Amino acid sequence: MGDPTSWGMVTFRAGTCDKCKNASPVSYRVEPEEAWKSVVLNRWRKLCPGCFDAEASRPRMPYRFVELEGMSWSERPAPKALPRRRR
């Protein structure tokens, strides 16, 4: 297997924002549900809180975040398989 530093960097991308493409370790829900529907308009499936806030401020849509949960990089689960070495 070799030296762990030669394995390369592994990035966990399960929570990637569809608009800005940045990883977002925060999960949330928006109330009222109509605010989410009118801001997203079937353009994105997942938005980070920052992108949602920017989009909601344009039409001045009132909303609030509920069920906010976050996870630091050190709490994320380890990858299931080690990356294969290229020959």
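Quick notes on this one:
- Residues in the stretch 65-87 that are at pLDDT 85 or above and surrounded by 10 or more Cβ atoms within 10 Å (Cβ to Cβ): 1 in all.
- Pair list, Cβ under 6 Å, 6 or more apart: the stretch 57-76 residue assigned to a strand (DSSP E or B), other residue of a type in the set (Val, Ile, Thr): Gly70/Val26
- Residue in the stretch 30-46 that is in a loop (DSSP other than H, G, I, E, B), touching a Cys at 6+ places or on another chain (Cβ under 7 Å) and at pLDDT 70 or above present: yes
The values are calculated or read from the model by the stated rules, or taken from the named source; none is laboratory data. In this text, all values refer to a predicted model and were calculated from it rather than measured experimentally. FYI the Cβ positions are ideal-geometry reconstructions off the backbone, even for glycines, and counts take in every protein chain you see.
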